[in-house]
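Since the structure comes first, as structure tokens, the remarks are kept for the end.
Here, each number is a calculation from the coordinates, and none is a lab measurement. Predicted model only: the values in this text are computed from it and were never measured. Note that we place each Cβ from the backbone using ideal geometry, even for glycine, and neighbour counts take in every protein chain shown.
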Amino acid sequence: PNALVRLSDRLSNPYSLFENFACYGKYKYLSSKLDLLEDIDFSEDVIVIDSSLPAVLLNFRFASVSARNNTEDKQKVIEENIEEMQKLYNLATESDTVMFYNVIRQIGYWQLGLNMQPTEAELKKFFLLIPTVIRMQEISQKPGRLLGPIITVSCRLWDGLFDCQRIR
């Protein structure tokens, strides 16, 4: 789609909303498509959360840092990504916020080749926290200090199990 409309916390294709509604009197959008946040969001925002699914898209930008870099470089670029994410979303308690972003931090390290993938228990807690996330501010511009191609990780139900997978 060339445009997306947000009438709730779920992104939707305007064609499906307006034209199908006008023609058929109801919203005729494939329900399976609604479960794939990565198929309907191309905003490239550093983090996209849909609490109704629940699902999270993480759009990491690592600049020139890769798996070949040292741990200090990886840590620096991950923390820059986390700082940008924390400007947008928070949770009700400090402990929930720390836990939520620690899982994202581990996912980032995993994308840079470190063996730091979150455990099943951590992902389960992360999954339960998604509906409680509080939006702090709207995205007014792309983060200037985050450079490089976008690496997108989708955290959602995959074959009945909540997990995070790199999708692009």
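Numbers below:
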read-out	value
Lys/Arg +1, Asp/Glu -1 at C-beta; the stretch 62-110 dipole; positive extreme among ASN69, ASN102, TYR89	ASN69
Unit charges on C-beta of K, R, D, E only; dipole of the stretch 43-166, Debye	220
